[in-house]
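One structure below.
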Amino acid sequence: MEPIDYLRTITRRWLIILIVGLLGGAAAWGYAAGQPPQFQATNSVFVTSDRGETTSELLQTSTFTQNLVQSYAQLATTPTVLGPVITRLGLDTTTQNLAAQVSAVTPLNTVFINITAFSGSAEQAVDLADAVSLSLATTVENLAPKGPDNLPSISVKTVSPAQLPGAPFSPNTKLIVLTGLLLGLMVGVLYALAREVLDTRVSTQKDLDRVSSDPLLGMVGRKRRSDPAGLAMRVMPHSALAEAYRRVRANLEFIDVDSPPHSAVITSAVARDGKSTTAINLALAMAERSAKVLLIDADLRRPSIAELCDLEGDVGLTTILLGDVGPEDAIVRWSDGLDVLPSGAVPPNPGRLLGSAAMKTLMKRLLEDYDFIVVDSPPLLPATDALGLSHLTDGAIVVARYKTTTRQQLTTTLESLEAVNARILGIVLNQVREHRAEVYYGPLAPVKGVSAPMTGPANRVTATRAPKAAFDDSGRRDSEPARTK
């Protein structure tokens with residue numbers, strides 16, 4: 001990924017990042033709310049010496065006192081000082097535990113000792129700080145050397161008694177929540193980037209470039225809920241979705257200008273990638289340019305063309321290959337310029353049937369009569385029928401579904417075609433999520449006079465069979481009018 005890709009990932013997944021950040025802030029707030037409040041009070045004492053009358057003696061005394069202040073500060077948390085504090089306040093604790101509630105620090109180059117006490121009660125924190133300072137003063141005076149009048153040479157005086165704190169110093173809820181929020185946002189960003197890096201699903205042009213150098217014929221969007229049901233090229237011919245199929249048709253025509261393809265097999269990596277829908281819409285798009293287009297349902301494992309086109313599929317490709325009927329009895333005129341050859345009955349050996357000499361003869365005959373033939377075939381990973389069909393046509397079009405087909409699946413599909421020297425015409429990325437800025441056409445109502453296919457025998461669309469005499473001895477179709485089914 002390039003640096004701009006990281007930024008795009010963050011902006012694209014801003015919602016999940018924000019949610020994780022808010023969850024981090026909420027967890028931090030819960031942690032802070034569960035912590036008991038802690039109060040602190042500070043008592044400042046001044047360490048001085050009364051020895052010395054001359055300036056030199058006073059200077060020596062001051063230096064001596066500063067050297068002892070650090071030791072006196074350490075003395076504040078010893079059992080010698082804290083033992084009397086426990087007795088005086090009547091505390092139910094030990095000197096070791098009480099030492100964890102008391103701290104004593106000395107500002108640099110001073111003879112002050114700041115004694116800070118911590119407690120869950122504000123009053124107890126004040127009492128504890130004052131009691132420790134008094135006990136420290138007593139201990140220091142007992143330990144200090146005596147003067148000429150048997151008085152202690154060092155004295156500790158309280159200069160700033162502890163004040164009652166107005167609010168607890170811990171927990172710092174604002175700081176904890178802010179920290180949790182920032183950590184949550186960081187986790188959200190890392191999650192978004194990791195998901196983008198580890199996501200192997202095909203979603204962009206760069207994903208396809210990582211897999212193969214085969215051309216991208218087009219990116220087909222998904223149908224909105226407000227769009228009418230049915231095939232886009234049939235019920236919404238002026239929509240952005242229909243234009244996407246026309247773009248696929250145009251790119252297919254310009255793959256080889258000198259020798260453009262006249263037939264293509266449509267396949268995909270796995271089921272539900274939208275290959276059958278793509279095949280029908282592509283055939284409808286081709287019918288806008290060519291007078292004779294044929295759509296063949298060669299998916300003899302799970303045929304769907306007849307159902308999608310709302311046609312009877314009992315007579316079709318398998319019936320022709322078995323020799324029961326001729327092409328003219330199985331091919332159905334579905335719309336202007338487009339004929340459909342359903343799959344027929346599902347055979348027990350679809351692979352052998354599609355690879356038979358009868359299939360080669362049939363394809364050769366149909367290619368002589370039609371301007372373009374679209375062949376719908378099974379997915380390539382579960383079945384290999386498309387490999388043989390790719391050699392009976394001018395090449396294969398692989399359909400990949402947006403954020404469903406993985407790069408590994410697409411790579412295996414393309415490698416399977418390349419292994420048999422099949423021509424790959426290109427890739428169609430299906431069900432792409434379109435942004436509003438990228439959509440030129442707005443949602444349109446169904447075209448007047450064209451309704452969406454509906455299920456049930458009473459709602460079958462009018463279709464026509466190709467006439468029996470439509471094929472002469474040379475395999476060419478004559479112009480005998482079709483009869484209504």
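Across segment 402-421, the number of residues qualifying as of a type in the set (Val, Ile, Thr) and not in a helix (DSSP H, G or I) comes to 4. Within segment 236-250, identify whether any single residue is under 19 Å from Pro379 (Cβ atoms), part of a helix (DSSP H, G or I) and open to solvent by 40 Å² or more (accessible area, probe 1.4 Å), and answer yes or no. So far as segment 236-250 goes, no, none of its residues is under 19 Å from Pro379 (Cβ atoms), part of a helix (DSSP H, G or I) and open to solvent by 40 Å² or more (accessible area, probe 1.4 Å).
The condition (being farther than 26 Å from Leu414 by Cα and surrounded by 21 or more Cβ atoms within 10 Å (Cβ to Cβ)) is satisfied by just one residue among Ile296, Ile320, Ile280: Ile320. Filtered by the rule that a residue be of a type in the set (Val, Ile, Thr) and either surrounded by fewer than 17 Cβ atoms within 10 Å (Cβ to Cβ) or within 39 Å of the chain's Cα centre (by Cα) (or both), segment 299-317 gives a lone residue, Ile305.
If we keep just the residues of segment 203-234 that are closer than 14 Å to Ala285 by Cβ and of a type outside the set (Gly, Ala, Ser), which is most open to solvent (accessible area, probe 1.4 Å)? By that ranking, first place goes to Arg234. If you go through segment 326-344 and pick out every residue that is in contact with a helix residue (DSSP H, G or I) (Cβ under 8 Å, 6 or more places away or on another chain) and farther than 20 Å from Asp299 by Cβ, you end up with 6.
So which residues in segment 185-226 are among the acidic types (Asp, Glu) and not in a loop (DSSP other than H, G, I, E, B)?
Looking only at segment 185-226, we keep the residues that are among the acidic types (Asp, Glu), and these are 196, 199, 207, 209, 214.
Passing the criteria: Glu196, Asp207, Asp209.
A Cβ distance below 7 Å, combined with a sequence gap of six or more or placement on separate chains, defines the contacts here; from segment 229-245, residues that are without any contact (Cβ under 8 Å) to a residue 40 or more places away in the chain reach residues that are open to solvent by 10 Å² or more (accessible area, probe 1.4 Å) and assigned to a loop (DSSP other than H, G, I, E, B) in the pairs Leu241/Lys223. Looking at segment 361-391, which of the residues that are free of Cβ contacts under 8 Å to residues at least 40 places away in the same chain and polar (S, T, N, Q) is nearest to Thr277 (Cα to Cα)? The qualifying residue nearest to Thr277 (Cα to Cα) is Thr384. Scanning segment 285-305 for residues being farther than 15 Å from Pro378 by Cβ, modelled with pLDDT of 95 or more and of a type in the set (Gly, Ala, Ser) gives a total of 2.
Beta carbons closer than 8 Å, at least 6 apart along the sequence or on distinct chains, pair a first residue in segment 392-407 that is more than 14 Å from Leu425 (Cα to Cα) and among the β-branched types (Val, Ile, Thr) with a second that is open to solvent by 20 Å² or more (accessible area, probe 1.4 Å) and not in a loop (DSSP other than H, G, I, E, B) for Thr404/Arg201; Thr404/Gln431; Thr405/Arg201; Thr406/Arg201. Identification of helices (runs of 4 or more DSSP H) wholly contained in segment 17-130 with 3 or more residues that are within 30 Å of Met186 (Cα to Cα) and either modelled with pLDDT of 90 or more or open to solvent by 70 Å² or more (accessible area, probe 1.4 Å) (or both) yields no element.
The values are calculated or read from the model by the stated rules, or taken from the named source; none is laboratory data. Please read these numbers as outputs of a predicted model, since none were measured by experiment. So basically every Cβ, Gly included, is an ideal-geometry build from the backbone, and we count neighbours across all protein chains shown. Ligands, DNA and RNA are stripped out before the accessible areas are found, and what is left, the full protein with its side chains, is counted by its heavy atoms. Shrake-Rupley method; radii C 1.70, N 1.55, O 1.52, S 1.80 Å.
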